[in-house]
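Written out below as structure tokens is the structure these notes cover.
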Amino acid sequence: MTTMAGRVRVSGPVLHPRICAALTAVSCLVHLWLAATGHHQAWLGILMIGLAAVCVPCTVHIWRHSRVGALHQVTISALAMVGLHAVLLLGTGGSGHAHGGGPASNAVVSSGTVVSSGAAGLLLVIGLEITTALLAATLVARLRRRVAVVS
């Protein structure tokens, strides 16, 4: 299919890869923001910058071409982050992890329940990463189904 300008229009899903790429980009920006604000030790900041640098090319490949390899890498990375943050959450008894060698985050009241802001942050990160992994995995399934139907 071509457009009026003579460009070839993408025949596969468009919105799904764009949402997946945007969510991956948000994750990269969160890593960079956390590294820049100094909430963690220096070595963790450097690690977060490295993680963001690894994810940016995948974000571009997903946005432009919906490459299955990039989707697999994003899915695996997101699930690894879910596991890591779950260990941090559970390993501290739900009180959040310490930032920059300081004490754990303060507790806040949410719906009548005391939840630490560190735990709430970790739960938000876990939710973001689960959503990213789910979007990437379902996009792979859609692309494979499309290839099977065309063949």
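Data for the structure
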| read-out | value |
| --- | --- |
| Residue, modelled with the lowest pLDDT, within region 60-93, restricted to residues that are surrounded by fewer than 15 Cβ atoms within 10 Å (Cβ to Cβ) and touching a His at 6+ places or on another chain (Cβ under 9 Å) | GLY91 |
| Residue in region 47-57 that is more than 10 Å from the chain's Cα centre (by Cα), outside any helix (DSSP H, G or I) and surrounded by 17 or more Cβ atoms within 10 Å (Cβ to Cβ) present | no |
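The values are calculated or read from the model by the stated rules, or taken from the named source; none is laboratory data. As the structure is a computational prediction, the values presented were derived from the model and not from experiment. So basically every Cβ, Gly included, is an ideal-geometry build from the backbone, and we count neighbours across all protein chains shown.
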